[in-house]
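Structure first, commentary second.
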Amino acid sequence: MQNYIYKILALFIFVLLSNCGEAEKQSNENGASEGNTDDRIQISKAQFDQNNMELDVMKEMEFPISITTSGMIDVPPENRAVVSATMGGYIKRTPLLIGDKVRKGQLLVTIENPEFVALQQEYMEVNGQLSYLKAEFDRQQTMVEEKISSQKSFLKAESDYKTAVAKYNGLRKQLGMLNISAEQVEKGNISSVASIFAPIAGSITKVNVSRGTFVSPSVSIMEIINNDHIHLELSVFEKDILKVKKGQLVTFKIPESSTEIFKAEIHLVGTSIDENRTIKVHAHLEDEEAANFLTGMFVEANIITDSSKQMALPTDAIGVIDDQSYVLVLDDTKEGSYYFKQVPVKVQGSYQDMSALGEKVNFKQGTQFLTKGAFSLIGE
């Protein structure tokens, strides 16, 4: 019986040792298999052609050195008009709305004020006195020359006449500023209403009054902007301003409405620093009709101040994973397949769909990269 038990124990130990050996063997085989794992990305020739993939080498190209800034679309001061009244009054008529286009000289609003009537009455009184005062002045001048009248009488007649002329001219000028015809007033056509006309052609951008509103000369009634000539008004920081010169190229975009890149040229550089430690830079657009630009649009811009030669690849050849850029380098071609290695790179900047990898790179001359179709493969 005891021998039987020993045999069972011996058999159990044999089985246990056999299993351990098999497990170790399997573990060794798995380890060998993992050691031989190929981490390259394999693409068959059929896949390469079907997806229109392309290979190319790095190229040396000029990359601009630029200053990043911001600003807005604006118009020259002469193309912006704030409409106000010469004399206060009540708005009687205001037919225009924001967005309406107006021509120079077009009626904008009419204003009513009893003082306009008093001004015209005063003008008529002075106008009526002029003939008498002129005749009296001429008579006194003749009498003085003939030594019939005293110098004192002549001087008084001269003073009265010249005072009346000055008052007449002043009142006539005031009527003209109110757009009230002096000729019509002289005919007895007195009006309590004054008209305000557009000083420039353009579009109404602000209307600050409505019918019945009382306005004083300091109140802005409306604003007109002419967009026939627009420009960039940029703010450049003090630390960058010495690099900015007239004639330099500016590339800009309207981030809130488009990703399209537009061009402009530096025309004027400011000569004073504002409270934000920035300097105003004025640039003319290359094509003012390239887009429907509106005054006040915010722009992001780059002022090209210099350039440098860099080794570059198409931007489509570079993929980004967790803020790290990668490229696919052709490692081998065999048995109808392409084998690529995923290699990290540092991108120095981008320009015209090309990305700079720096002046010196760790790739041999003639190294081929997957330049089209790489984006979907990087990270696999």
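The values are calculated or read from the model by the stated rules, or taken from the named source; none is laboratory data. Quick caveat: nothing in here was measured; it's all calculated off a predicted structure. FYI the Cβ positions are ideal-geometry reconstructions off the backbone, even for glycines, and counts take in every protein chain you see.
Quick look at the values:
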read-out: Long-range neighbours under 7 Å by Cβ, at least six apart or interchain, first residue in contact (Cβ under 8 Å) with a residue 12 or more places away in the chain and at positive phi within segment 332-353, second of a type in the set (Ser, Thr, Tyr) and not in a strand (DSSP E or B); value: Asp353/Thr315
read-out: Answer from Val215, Val209, Val193 - the residue that is β-branched (Val, Ile, Thr) and farther than 14 Å from Val83 by Cα; value: Val193
read-out: Any hit, segment 253-260, residues being under 19 Å from the mean Cα position of the chain (by Cα) and modelled with pLDDT of 95 or more; value: no
read-out: Residue within segment 305-323 that is surrounded by 14 or more Cβ atoms within 10 Å (Cβ to Cβ), under 30 Å from Val236 (Cβ atoms), at pLDDT 90 or above and out of contact with any Asp or Glu (no Cβ under 7 Å at 6 or more places or on another chain) present; value: yes
read-out: In segment 117-173, residue farthest from Val185 (Cα to Cα) [restricted to those that are of a type in the set (Ser, Thr, Tyr) and within 54 Å of the chain's Cα centre (by Cα)]; value: Tyr168
read-out: Any chance Leu175 is at pLDDT 90 or above, farther than 30 Å from Val299 by Cα and surrounded by 15 or more Cβ atoms within 10 Å (Cβ to Cβ); value: yes
read-out: Number of positions in segment 224-266 that are closer than 28 Å to Ile200 by Cα and surrounded by fewer than 14 Cβ atoms within 10 Å (Cβ to Cβ); value: 2
read-out: Within segment 189-212, tally of residues that are over 19 Å from Tyr90 (Cα atoms) and either surrounded by 13 or more Cβ atoms within 10 Å (Cβ to Cβ) or modelled with pLDDT under 90 (or both); value: 7
read-out: Selection count where residues are at pLDDT below 90 and surrounded by fewer than 12 Cβ atoms within 10 Å (Cβ to Cβ), scope segment 276-295; value: 5
read-out: Test: residue in segment 276-289 that is touching a strand residue (DSSP E or B) at 6+ places or on another chain (Cβ under 7 Å), outside any strand (DSSP E or B) and closer than 24 Å to Glu62 by Cα; value: yes
read-out: Selection count, segment 122-138, where residues are among the polar types (S, T, N, Q), exposed (fewer than 13 other Cβ atoms within 10 Å of the Cβ) and either modelled with pLDDT of 90 or more or in contact with a helix residue (DSSP H, G or I) (Cβ under 6 Å, 6 or more places away or on another chain) (or both); value: 0
read-out: Residue within segment 266-280 that is in contact with a His (Cβ under 7 Å, 6 or more places away or on another chain) and without any contact (Cβ under 8 Å) to a residue 40 or more places away in the chain present; value: yes
read-out: Qualifying residue in segment 109-116 (condition: among the aromatic types (Phe, Trp, Tyr), over 20 Å from Gln184 (Cα atoms) and touching a residue at least 24 places away in the same chain (Cβ under 8 Å)); value: no
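For every residue, the table says whether it meets (1) assigned by TED's automatic domain parsing to the domain that holds Asn208; (2) surrounded by fewer than 14 Cβ atoms within 10 Å (Cβ to Cβ); (3) touching a His at 6+ places or on another chain (Cβ under 7 Å).
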| residue | (1), (2), (3) |
| --- | --- |
| Ala46 | no, yes, no |
| Asp49 | no, yes, no |
| Glu54 | no, no, no |
| Thr86 | yes, no, no |
| Gly99 | yes, yes, no |
| Val109 | yes, no, no |
